[in-house]
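All remarks here apply to the structure that follows.
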Amino acid sequence: MTRRWPHRLTFALAMLLVLGAAARDAGEAWIEATVLPPTLPATSVEVRDRQGALLRAYTVADGRWRLTVGPDQVDPGFVAMLLAYEDKRFYDHAGVDPLALIRATGQALWQGRIVSGGSTLTMQVARLLEETGTGAWPGKLRQMRVALALERRLSKAEILGLYLTLAPYGGNIEGLRAATLAWFGKEPARLTPAQAGLLVALPQSPVARRPDRAPDAARAARDRVLARLVRQGVLSAETAQAATSEPVPAARIAFPMLAPHLADRAVAAAPGQLRHDLTLDAAVQARLEALANDALRGLGARLSIAILVADHRTGAILASVGSAGLAQDARQGFVDMTTALRSPGSTLKPLVYAMAFDRGLAHPETLIDDRPVAFGTYAPQNFDGLFRGDIRVAEALRLSLNIPVVRLTEAMGPANLMAALRRAGVETALPGGQAGLAVALGGIGTSLEGLVQLYAGLAQGGQAVPLHWTHPTEGIRERIVSRAAAWQVGHILAGMAPPPGAARMRLAYKTGTSYGHRDAWALGFDGAHVVGVWIGRPDGTPVPGAFGGDLAAPVLFQAFERVKQQADPLPPPPPETLIAPNASLPLPLQRFGARGAVPVDAPRLAFPPDGARLPLGGQALTVKLRDGVPPFTWLADGAPLVVGTHRREAALEGLGKGHVTLSVIDAAGRADRVRVVLE
């Protein structure tokens with residue numbers, strides 16, 4: 001009997017080992033059979049600037065702010081405080097900490113209530129992934145099983161990253177990065193001990209401790225975290241004392257929403273992409289969005305504005321302001337006016353002059369005729385209705401005269417102007433489908449983005465510069481005009497005085513006003529950057545009294561000031577540039593002679609003659625004229641009878657007997673009149 005005891009003991013131990021192994025194998029199988037929830041939670045789509053700064057983020061499908069973040073993006077001090085407070089054996093356990101469970105159970109039995117949960121960070125991640133509660137034991141058991149399975153399939157860094165992404169921080173804020181942006185307006189890479197302490201405390205009770213609604217509870221919870229960390233030796237008493245004096249946030253900070261129009265374009269262009277890196281500069285973008293709001297103050301509720309800034313050396317867009325704000329309904333702020341097709345007014349004139357210089361038709365010192373002229377039925381007029389006779393081409397461009405530029409366009413052919421726009425990469429819309437001479441004066445549709453691209457090409461010596469807001473596209477850059485022609489135009493535009501009150505920056509700039517005062521433009525460049533400004537109404541209705549020089553030009557100079565403190569110098573002339581006074585130019589360049597232009601004299605009444613006595617007989621009076629520019633307006637004693645006719649003969653009806661003054665006014669505003677007696 002005594003001899004059998006060792007054998008029985010051996011057998012019992014063997015059975016225990018077998019049962020233990022069986023239990024272990026069953027436990028392993030139980031863990032391996034765990035169906036895990038998705039471990040790649042949806043995170044906010046982010047749009048970032050050239051340095052990685054957040055421009056805009058989009059909420060996930062259920063309206064939560066949940067920004068992706070990894071342990072390497074977080075202040076190491078916060079991670080140390082989090083692990084010390086929540087799970088000090090995080091790197092040692094396999095998902096469940098037996099010591100923490102024993103401690104939590106003992107405290108619950110001794111105190112008669114739950115003092116601490118004993119949950120590891122991995123168990124909390126399991127709960128967050130499955131979006132379950134924290135209380136009942138079946139739920140705890142499920143969290144343990146999922147935690148054990150997670151530890152076998154993910155690394156510790158990945159599990160910590162899930163906690164940092166999913167932990168709740170009040171309201172619709174999830175994850176540490178969303179929390180630091182919402183409560184402190186900063187990324188989580190650098191946190192104060194007070195900020196870190198609050199962020200450790202918040203996920204335990206995100207509703208009751210939300211600092212904007214329960215500041216006292218939030219402060220008390222933070223201070224308890226700091227006090228425990230002092231007892232654990234993680235923080236010094238002095239550091240914790242200083243941290244407790246720091247206030248908790250009084251309100252949430254709005255998430256960045258810079259460049260909303262361009263951000264939407266980027267997301268639409270690559271809908272499955274979570275991160276979009278743009279060429280924008282967040283600081284410049286913010287300053288120009290503020291400028292857009294300032295510029296419209298006092299200008300009426302329906303006006304909108306767009307501003308575009310690019311580095312013409314690379315084509316990278318640095319700022320894109322599509323409106324003064326998405327929320328401004330009266331201004332139709334949701335419309336991105338950097339891409340809207342509008343009439344460019346006079347902003348294409350520099351290209352016309354550069355092409356004329358390039359083709360040997362003119363030189364900045366060439367004399368050109370600014371007198372009434374007609375091209376068939378088309379008789380262009382200057383904006384102010386005046387004529388200046390012989391004028392230097394450079395001065396005609398600075399004054400933005402219409403007749404000289406139409407003369408040059410007629411000599412080159414409007415189709416060649418359209419071809420130059422295509423070489424510059426400018427998208428256009430042509431009413432009627434065929435280019436006429438009015439294209440030079442804005443009779444075409446193009447966008448602010450297209451015009452900035454055109455001026456970038458002029459700034460780069462006539463070489464096309466494709467603008468881009470993501471990665472640049474490779475390809476051969478087409479030549480728009482020669483280096484010399486581009487420099488000559490830039491030099492002329494740089495000679496224009498800044499608007500009243502503007503900084504004395506030397507910019508090559510041009511303004512424009514479209515027909516009916518619908519669009520006010522200003523485009524300009526220095527040695528490095530090109531800026532475009534548009535002001536008008538998105539619905540295309542007129543803005544009475546709106547001129548590019550008055551509205552847009554001052555904003556252009558302010559935009560340059562907000563991009564840089566002083567302008568970069570413009571380049572010197574290329575060696576091949578002909579710089580000479582008019583008298584030293586080759587004879588064909590001393591004076592421009594248009595081919596199809598027909599000088600037009602003032603209108604003259606051919607019939608009836610002045611002082612004539614005419615029988616009326618109850619019928620219409622036939623009148624005739626010669627010369628003048630159609631269309632014509634006929635008047636009797638100052639009252640218009642026939643308006644907008646291109647015929648040089650008219651039948652005037654409704655005249656009474658007696659002395660009558662007959663007048664005719666042509667499209668140039670010139671008039672002739674006679675005094676007759678109708679019997």
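The values are calculated or read from the model by the stated rules, or taken from the named source; none is laboratory data. Nothing here was measured: the structure is a model prediction, and the numbers come from that model. Because the Cβ atoms are built from the backbone with ideal geometry, glycine has one as well, and the counts that use them run over all protein chains shown.
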Can you go through 441, 454 and tell me which one is within 18 Å of residue 343 (Cα to Cα) and more than 25 Å from the chain's Cα centre (by Cα)? 441
Any residue in segment 451-459 that is under 27 Å from residue 304 (Cα atoms), surrounded by fewer than 24 Cβ atoms within 10 Å (Cβ to Cβ) and in contact (Cβ under 8 Å) with a residue 60 or more places away in the chain? no
Please indicate, with yes or no, whether at least one residue in segment 599-610 is more than 24 Å from residue 381 (Cβ to Cβ), in contact (Cβ under 8 Å) with a residue 60 or more places away in the chain and exposed (fewer than 11 other Cβ atoms within 10 Å of the Cβ). yes
Checking the structure you have, find out if any residue of segment 298-306 is outside any loop (DSSP other than H, G, I, E, B), of a type in the set (A, V, I, L, M) and under 16 Å from the mean Cα position of the chain (by Cα). yes
Right, residue 423: among the charged types (D, E, K, R), touching a residue at least 40 places away in the same chain (Cβ under 8 Å), under 30 Å from residue 262 (Cβ atoms) and touching a Gly at 6+ places or on another chain (Cβ under 9 Å) or not? yes
Check residue 477 against each of (1) in contact with a Gly (Cβ under 9 Å, 6 or more places away or on another chain); (2) touching a residue at least 24 places away in the same chain (Cβ under 8 Å) and name the one condition it does not meet. (2)
Could you tell me whether segment 365-382 includes any residue that is more than 30 Å from residue 670 (Cα to Cα), surrounded by fewer than 24 Cβ atoms within 10 Å (Cβ to Cβ), touching a helix residue (DSSP H, G or I) at 6+ places or on another chain (Cβ under 9 Å) and aromatic (Phe, Trp, Tyr)? no
Are any residues in segment 188-207 crowded, with 21+ Cβ neighbours inside 10 Å and not hydrophobic (A, V, I, L, M, F, W, C), and if so, which ones? 188, 193, 195, 197, 203
Quick test of your reading of the structure: residue 95 fulfils all but one of (1) under 18 Å from residue 179 (Cβ atoms); (2) buried (at least 19 other Cβ atoms within 10 Å of the Cβ); (3) modelled with pLDDT under 95; (4) not hydroxyl-bearing (Ser, Thr, Tyr). Name the failing condition by number. (1)
Among what's in segment 54-96 and is of a type in the set (Ser, Thr, Tyr) and under 20 Å from residue 120 (Cβ atoms), pick the residue that is nearest to the chain's Cα centre (by Cα). 85
Taking the conditions exactly as written (at pLDDT below 90, of a type in the set (Gly, Ala, Ser) and assigned to a helix (DSSP H, G or I)), does residue 61 satisfy them or not? no
Of everything in segment 268-286, what is closer than 21 Å to residue 332 by Cα and touching a residue at least 60 places away in the same chain (Cβ under 8 Å)? Give them in sequence order. 285
Go through segment 174-187 and report how many residues are crowded, with 24+ Cβ neighbours inside 10 Å, among the hydrophobic types (A, V, I, L, M, F, W, C) and under 26 Å from residue 245 (Cβ atoms). 3
Matching residues, segment 289-315, being surrounded by fewer than 20 Cβ atoms within 10 Å (Cβ to Cβ) and in contact with a His (Cβ under 9 Å, 6 or more places away or on another chain): 311, 313, 314
Looking only at segment 409-427, count how many residues are surrounded by fewer than 17 Cβ atoms within 10 Å (Cβ to Cβ) and β-branched (Val, Ile, Thr). 0
Exactly one condition in (1) under 18 Å from residue 252 (Cβ atoms); (2) in contact (Cβ under 8 Å) with a residue 24 or more places away in the chain; (3) among the hydrophobic types (A, V, I, L, M, F, W, C) is false for residue 179; which is it? (2)
